[in-house]
Amino acid sequence: MSLGSVPAEARPFQGRPAGLVTRTAAGVVDVIVVLALLMIGYLAINGALFVADPRHFHFVSVSSVVSRTVGLCLLIGYLAVAWWLNGRTYGCRVMGLRVVAAKGGRVRPLVALVRAVICVVFPIGLLLCLFGRRRRSLPDLLLRTAVVYDWRAQLPVVTLPAPSP
Amino acid sequence: MDTAEASGPEPGSAAHRGPVFALDVVIGASTLVVARTVAAGRGAKQAVATALQAPGAVPGHVAGHVPGRDRVDSWVSELARRGEREQDELKDRVTSLADDLVRAVLHLVLDRIDLTETVRQYVDVNSIVQDVDLDAVIGQLDVAGLAEGVIAEVDIAEIIRQSTGSLTSETVQSVRMQGISGDEAIDKATGRIRVRFRRKHAPTAARPEP
């Protein structure tokens, strides 16, 4: 796949492992997306209840435990499906990142799910990418995945650079 | 007398063919007389002969002497065919003339009036529209087909491509490049820390044991 759609100044970085800043920014965007989805779902449920019985309508009260659990499950599902299908979430798309397998292809569904669980439950593991030239976080080390710069729309065959001595 | 009424005209005879046939005969005879008179007036002997021998004209042997009953029928039939042809020709000419005349008059009239203004002034369009059964009109329309046609004409894929492509606008590219720069900056900082850490611990590691 050609780099014709990628600006010249960004072409040298394509396929290289992404660092802490871009990955954190992508994560923040994804969290915002999931929060927006939660809000939309909450409003949709209340809207349906209002339509069904307007006289006795009142906003549904949700405990913090339930809301957090639903939010975390939604975040895990969102990340897993997005990484499995296209290698990128909306946050990754905004920041020009893609999650790939060890050989550069798309990650398998189970790998994507486990990676999402690790990222959500133990986000501090991202700091491991500060150490080492291959910028691997904890889930990358455990699951042999990588996050690379990729500004192209489609999933390319990415060849990860060999670690420098 | 009774015998004659009972038998009536013979089938196929001139008297049996009715008034239209008689009219054709009269017209055919008239045109033939006119043609022969014109030819005689010109004094062209050859032209007279041509008029007599031409298709549709009365055969020479018929015109030259007193015919028998069959010959009279043949002559009359010939005159009738001639009259019918003349009628058809005349109809075509009159129709063509009427078409040209109506067209010319219509153009003259339309050039001299403002039709839109005239309709506005004399026609109550609202009452006409109120009488129109719009539901029936809409019912006759293939709305689904129209919608499909419109959707087919609109390149939705291209619109989606452009809208998603807008994500790679200059703003997003700038954010991405700033992210890459941030990654590089952090790499340099951690690299310096690693170097200092190694320098700090290297002499200790290389120190020979006493």
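A few remarks follow.
- Proximal aspartates and glutamates relative to A:LYS103, as straight alpha-carbon distance under 18 Å, when same-chain residues fewer than 8 apart are discounted: A:ASP140, A:ASP150
- Value of [θ]222 nm, deg cm²/dmol, for chain A, DSSP H segments ≥ 4, -39500 (n - 2.57) each, nearest 500: -16000 deg cm²/dmol
- 3J(HN,Hα) along segment B:174-187: 5, 4, 5, 5, 5, x, 5, 4, x, 4, 5, 5, 5, 4 Hz, from the Karplus curve 6.51 cos²θ - 1.76 cosθ + 1.60 with θ = phi - 60°, whole Hz, x for Gly and Pro.
- Rounded to the nearest 10 square angstrom, A:TRP83 shows an accessible area of 20 square angstrom against a 1.4 Å probe.
- In order along segment A:31-38, phi translates into HN-Hα couplings of 4, 4, 4, 5, 4, 5, 4, 4 Hz, rounded to whole numbers, per the Karplus curve 6.51 cos²θ - 1.76 cosθ + 1.60 with θ = phi - 60° and x for Gly and Pro.
- Amide hydrogen neighbours beyond the local backbone of A:VAL107, cut-off 5 Å, H modeled: A:ALA101
- Using heavy atoms of the protein chains and a probe of 1.4 Å, the accessible area assigned to B:ILE193 is about 110 Å².
- Whole-Hz ³J(HN,Hα) from phi, Karplus 6.51 cos²θ - 1.76 cosθ + 1.60, for segment B:25-38, glycine and proline x: 4, 4, 5, x, 5, 5, 5, 5, 4, 4, 5, 6, 5, 4
- Where chain A is the region considered: accessible area per residue in Å², 1.4 Å probe: 57 Å²
- Both chains summed, the buried accessible area for A and B stands near 1700 Å², from protein heavy atoms and a 1.4 Å probe.
- For the pair segment B:61-140 / segment A:77-128, the C-alpha centres are spaced 82 Å from each other.
- Legend: Rg and Dmax of chain A, from Cα coordinates, 18.7, 72 Å.
- Sites listed here are trypsin sites (Lys or Arg not before Pro) in segment A:125-155 whose DSSP assignment is loop and whose Cβ has at most 14 other Cβ atoms within 10 Å: A:ARG133, A:ARG144.
The values are calculated or read from the model by the stated rules, or taken from the named source; none is laboratory data. Small disclaimer: the values here were computed from a predicted structure and weren't measured. Counting neighbours? That spans all protein chains shown, and the Cβs are built from the backbone with ideal geometry, glycine included. These area figures cover heavy atoms from the full protein model, side chains too; ligands, DNA and RNA do not enter into them. Shrake-Rupley method; radii C 1.70, N 1.55, O 1.52, S 1.80 Å.
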